[in-house]
Amino acid sequence: MERDAHTYVQLCGHFVVELCGRRIEQRLPSRQGRTLFAYLVLQRTRAVGRDELIEAIWASAAPKNHAQALTVLLSKLRAALGADVLVGRGEVRLTLPADARVDVEQALAAVHRAESAVVQQDWARAWSAALCARYVADRPLLPGQDDLPWLDGWRRRLDDTFERALEAYAAACLGLGGTELAGAERAARRLVEHNPLRETGCSMLMQALAARGQVPEALRVYERARTVLRDELGIPPGPVLARLHTRLLEGRQIIE
């Protein structure tokens, strides 16, 4: 098989498998075949045993002849992917080309790059990396498959990635300033809507609004955050929000 062509796997949103330049998702055998492939993609740094695969595919509803059913499914998947891609018998491993791109992996790596760039105040690099992570993590992982317990952990991880990406993107837009302040406001609003208890979203929204001359609205954001934190957690706003609030009341610049 030629290894110099494009390989891309998209598990979030529309399911896409492009292997060495060929779209093959329609060749994957049934819903269980897609589940098996997705699981192996997400575990592709290691070999996976047959019992683990049975649990991943069928959870608590495994067929009586589950060992044979897995053998048949693996055979069909190997026929679709190639024996050099799906290797092993007792333990199975997916070996994609070294330059293969997997959207979930890209999102996790991008959010780390974005946060590192924010610390270094490299706003342009943070902006592009955060946008990449946000684009992937905003889409559902394997939509329509809600009966697989192992997906819950990955979905929580991507949900956290989405929040972190919004936070990094808002920080980058605040750092860039100018016309990007509107982007900071939109991202911060999305973060507050997604997780009202994440105080960084509120603080960035306050900063973006204040930088755009909307100080009264920034003060209202603080009051809403104070009420939510009191009602949901029984705590006052943290020191960052409190300091921003004080600076707004004193008419001082709040973007560090």
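Before moving on, here are some points about what is shown:
- Whole-angstrom gap from segment 105-155 to segment 7-76, using each part's C-alpha centre: 23 Å
- Mean residue ellipticity at 222 nm, helices only, the chain: -20000 deg cm²/dmol; runs of at least 4 DSSP H residues each add -39,500 (n - 2.57), and the sum is divided by the number of residues.
- Degrees, to the nearest 10: 181-194 long Cα axis against longest axis of the chain: 70 degrees
- Rounded to 10°, Cα long-axis angle of helix 199-211 versus longest principal axis of the chain: 50 degrees
- Computed over the alpha-carbon pairs of segment 1-140, the distance histogram in 5 Å steps reads 2, 10, 17, 19, 17, 13, 10, 6, 4, 2, 1, 0 percent, short to long.
- With distances taken between every two different alpha-carbon atoms, segment 104-172 has a Kirkwood hydrodynamic radius of 12.0 Å.
- In terms of the mean number of neighbouring beta-carbon atoms within 10 Å, the peptides 39-46, 158-165 order highest first as 158-165, 39-46.
- Electrostatic tally near Ala225: other residues with Cβ closer than 12 Å to its Cβ, Lys and Arg +1, Asp and Glu -1, net +1.
- Among Ser75, Ser203, Ser128, a tally of other beta-carbon atoms within 10 Å of each Cβ gives an order, fewest to most, of Ser75, Ser128, Ser203.
- Net charge contributed by nearby residues that have their C-beta within less than 14 Å of Ile57 (K/R +1, D/E -1): 0
- Taken along its principal axes, the alpha carbon cloud of the chain reaches lengths of 72, 42, 25 Å, longest axis first.
- Each Lys or Arg adds one and each Asp or Glu subtracts one; over the other residues with Cβ under 14 Å from the Cβ of Ala69, this totals +2.
- Crossing angle, helix 30-42 versus the chain [Cα axis fit, 0-90 degrees, rounded to tens]: 60 degrees
- Magnitude of the charge dipole for segment 104-172, about its Cα centre and with charges confined to Cβ atoms of Lys, Arg (+1) and Asp, Glu (-1), is about 220 debye.
- Cα gyration tensor category, rounded, prolate or oblate, for segment 177-256 with a/c compared to 1.5: oblate
- The antiparallel fraction among DSSP beta bridges confined to the chain stands at about 85%.
Rule-based calculations on the coordinates, nothing more; no lab input. Since this is a predicted model, take the numbers as computed values, not measurements. Quick reminder, even Gly has a Cβ in these numbers, built from the backbone with ideal geometry, and neighbours come from all protein chains shown.
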